[in-house]
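Quick notes on the structure that follows.
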Amino acid sequence: MRLTQGCFSFLPDLTDEQIEKQIAYAIGRGLAMNVEWTDDPHPRNSYWELWGLPLFDIKDPASVMFELKEARKACATGYIRVNAFDASYGTESCVMSFIANRPANEPGFYLERTEREGRFIQYTIKSYSVQANPEGARY
């Protein structure tokens, strides 16, 4: 299974050259950048771990690429994404986000079915990666 979240999610993985061009585009528009990672790629997991500090007022894509390469070394078995934020007053929101690194084996998700009162059936999506490494054992 291939995780599809963020921009370019249905395209083949971006090369480093393509990632650098996207970063240059974002910097050219005055956007702030950051790098995040997670081992729990659940669609509702909006709290990825921040890698380093947000990169405000940068002028060169090489600084973001450096942080991305360092994150790849430390978090090779996880998902890493690059985000671009519009940090202007009154906006302050993510305008571009894409996965820049993924594990060689993507474990995927499973559907858990729970029967409730009144013949009500509840479905929950759960991540195999979290099942294999429960809370407290993952970090």
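The values are calculated or read from the model by the stated rules, or taken from the named source; none is laboratory data. Please read these numbers as outputs of a predicted model, since none were measured by experiment. Cβ sites come from the backbone with ideal geometry, for glycine too, and all protein chains shown count toward neighbours. We work out accessible area using only protein heavy atoms, side chains counted, and drop any ligands, DNA or RNA first. Shrake-Rupley method; radii C 1.70, N 1.55, O 1.52, S 1.80 Å.
Residues in the stretch 95-109 that are closer than 29 Å to Y123 by Cβ and either charged (D, E, K, R) or modelled with pLDDT of 90 or more (or both): how many?
So the count comes out to 5.
Mind listing whichever residues of the stretch 23-33 are open to solvent by 10 Å² or more (accessible area, probe 1.4 Å) and either farther than 19 Å from E92 by Cα or not in a helix (DSSP H, G or I) (or both)?
Within the stretch 23-33, A24, R29, G30, L31 qualify.
Could you grab me the full set of residues in the stretch 40-63 that are surrounded by fewer than 20 Cβ atoms within 10 Å (Cβ to Cβ) and part of a loop (DSSP other than H, G, I, E, B)?
Matches in the stretch 40-63: D40, H42, P43, R44, N45, S46, Y47, F56, D57, I58, K59, D60.
Does L68 meet the test of being of a type in the set (A, V, I, L, M, F, W, C) and more than 13 Å from the chain's Cα centre (by Cα)?
On the way: of a type in the set (A, V, I, L, M, F, W, C): yes; more than 13 Å from the chain's Cα centre (by Cα): no.
So L68 does not fit the description; no.
Inside the stretch 64-74, can you point out the residues that are aliphatic (A, V, I, L, M) and either part of a strand (DSSP E or B) or open to solvent by 50 Å² or more (accessible area, probe 1.4 Å) (or both)?
Selection gives A74 alone.
Can you pull out every residue in the stretch 115-139 that is modelled with pLDDT of 90 or more and either in contact with a Ser or Thr (Cβ under 7 Å, 6 or more places away or on another chain) or aliphatic (A, V, I, L, M) (or both)?
Residues satisfying the conditions are I121, Q122.
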